[in-house]
Amino acid sequence: MRIVCTWKVGSRVTLTEPPLGPDYSECGTLLVFEPGMLLRYDHWSPLWRVPDVPDNRAVVTLELEPDKEGTRVLFRYELPIVEAFAEHSDFF
């Protein structure tokens, strides 16, 4: 997956090259960006078959923390509570 963005908070985020093929993409908004520390964005997938509104967007957080061995990457994926997602999750 590739994230295309201007890296300014509030700007559009486009996710390309996902596992579903080169012609598929998803869009969202950059919520937080602290270089080398924190990346948070929301996104919406047309596969979810729900309107693209803020309450239907997932939030992805990647956080880097130093530790004794090097760097720890913390990943959090928060799905909104939408009934259609239960059906979609069976896809994976």
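Annotation: the residues 77, 24, 41, sorted from fewest to most other C-beta atoms within 10 Å of their own C-beta, follow the order 77, 24, 41. Net length available on complete extension from residue 79 to residue 16 is 20.7 nm, with 0.36 nm assigned per residue and the Cα-Cα distance removed.
Helix content alone sets the calculated 222 nm mean residue ellipticity of the chain: runs of n ≥ 4 DSSP H residues at -39500 (n - 2.57) each, divided across all residues, give -2000 deg cm²/dmol.
Counted by Cβ distance under 15 Å from residue 66, the other residues give a net charge of -3, where Lys and Arg count +1 and Asp and Glu count -1.
Could you check which residue among 28, 36, 70 shows the biggest mean-square fluctuation in a GNM of the chain with a 10 Å Cα cutoff? The residue with the greatest mean-square fluctuation here is 70.
Each Cα pair under 8 Å and six or more residues apart adds its separation to the average, and for the chain the resulting relative contact order is 18 percent.
Bear in mind that the values in this text are calculations on the coordinates, not laboratory data. Just so you know, these numbers come straight off a predicted model, no measurement behind them. For neighbour counting, all protein chains shown are included, and Cβ atoms are generated from backbone atoms with ideal geometry for every residue, glycine included.
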